Amino acid sequence: MNTKNLLGNLLIIALISVLSGCGINSSLMFKTPKNSISEIDTLTSKYYTIVDKSEVPLLPQEDYKITKDDKIMFLLSTNGGQDIVSGQAGVSNRDVNSVQTQRSYNQLEYVVRSDGKVMLPLIGELYLEGMTVKKTEDTLKKLFSEHFLDPFVQVTVTNKRVIVFPGDGGAAKVIYIKNNNTTLMEVIAEVGGISERGKSKAIKLMRSVNGKREIYPIDLSTLEGLAFADMVVQANDYVYVEPTPKLGREVLAQVAPIVSILTSGLILFNVFMNLK
């Protein structure tokens, strides 16, 4: 066997070894099995459910419920919020230091512990897990009414977030939801849009519903995708844009070092043979 044939055979062996390995496109996540939808649901119903495009909810089905590790802030004022309105109008008669002290207290964050409870001033421990923001406000208003006259309470969850993968792993970001009507298009824009490698026709929005993820397949590659562009995202959603596999580039990157070693070995082999 001459050197050219030997080199060709070695290259084939190297290519087979690389393709049979796990290094090619190993960074791709959440691959949809090629089985039928019914088979997928049967095999993985414990973890997720794939929802038909026609049933994708464009608006939240229910109000957000506070969960473990959430951070909340609440604005508290007396007399139905009179001090807030008076302060904004510049007619407050209260001592300036007192107003500043109240504002600093209103800016504190309180973390919901793993047991679903939060420790609040004057009130102590309060179980909040599973409560909506409105229910929490009503509860705090009732509890603070034991200490203040006609309390006004406004609650904000400060760490509601969405994780977006725009089609290239290095560009993934955690986006904090600034308002309750943040749309899918807005969070994609926050990460700079869909990356060059991303497939706009293959987007998965994954939402936690009753302990498992519902997966909503979304296609933004055509004008028909406008129906999903204004879909309102919810806290703890994952938006995953499927990347285009880089087979050629990654195969070349895997093969190049092996080819270099084999070529160097063949050169040394020829040199050794010529010395005989």
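The values are calculated or read from the model by the stated rules, or taken from the named source; none is laboratory data. This is a predicted model, so every value here is computed, not measured. Quick reminder, even Gly has a Cβ in these numbers, built from the backbone with ideal geometry, and neighbours come from all protein chains shown.
Among the strands (runs of 3 or more DSSP E) contained in the stretch 157-233, which hold 1 or more residues that are within 22 Å of THR49 (Cβ to Cβ) and in contact with a Ser or Thr (Cβ under 6 Å, 6 or more places away or on another chain)?
Details: elements: 161-165, 173-176, 198-209, 212-218.
Qualifying strands (runs of 3 or more DSSP E): 198-209, 212-218.
Identify, from the list LYS142, LYS160, the residue that is under 20 Å from ASN181 (Cα atoms) and either charged (D, E, K, R) or surrounded by fewer than 17 Cβ atoms within 10 Å (Cβ to Cβ) (or both). Before the answer, list the steps.
Numbers: LYS142 fails: under 20 Å from ASN181 (Cα atoms).
Exactly one residue qualifies, and that residue is LYS160.
Within the stretch 32-78, take every residue that is part of a helix (DSSP H, G or I) and modelled with pLDDT of 80 or more and give me the one that is surrounded by the fewest Cβ atoms within 10 Å (Cβ to Cβ). Break it down stepwise before answering.
Let us first name the residues in the stretch 32-78 that are part of a helix (DSSP H, G or I), namely 37-44, 53-55.
Next, only the ones that are modelled with pLDDT of 80 or more stay: 53-55.
Details: LYS53: 12, SER54: 5, GLU55: 8.
Going through the qualifying residues, I end up with SER54.
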Open item on the list: Looking at (1) on the phi < 0 side of the Ramachandran plot; (2) at pLDDT 80 or above, which one does LEU247 not meet, given that it meets all the others?
Closed with: (2)
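Quick check on my filter: what residues within the stretch 196-242 are at positive phi and in contact (Cβ under 8 Å) with a residue 40 or more places away in the chain?
Looking only at the stretch 196-242, we keep the residues that are at positive phi, and these are 210-211, 236.
Matches in the stretch 196-242: ASN236 only.
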Open item on the list: Can you pull out every residue in the stretch 103-128 that is surrounded by 14 or more Cβ atoms within 10 Å (Cβ to Cβ) and either in contact with a Ser or Thr (Cβ under 6 Å, 6 or more places away or on another chain) or among the hydrophobic types (A, V, I, L, M, F, W, C) (or both)?
Closed with: VAL112, VAL118, LEU120, ILE123, LEU126, LEU128
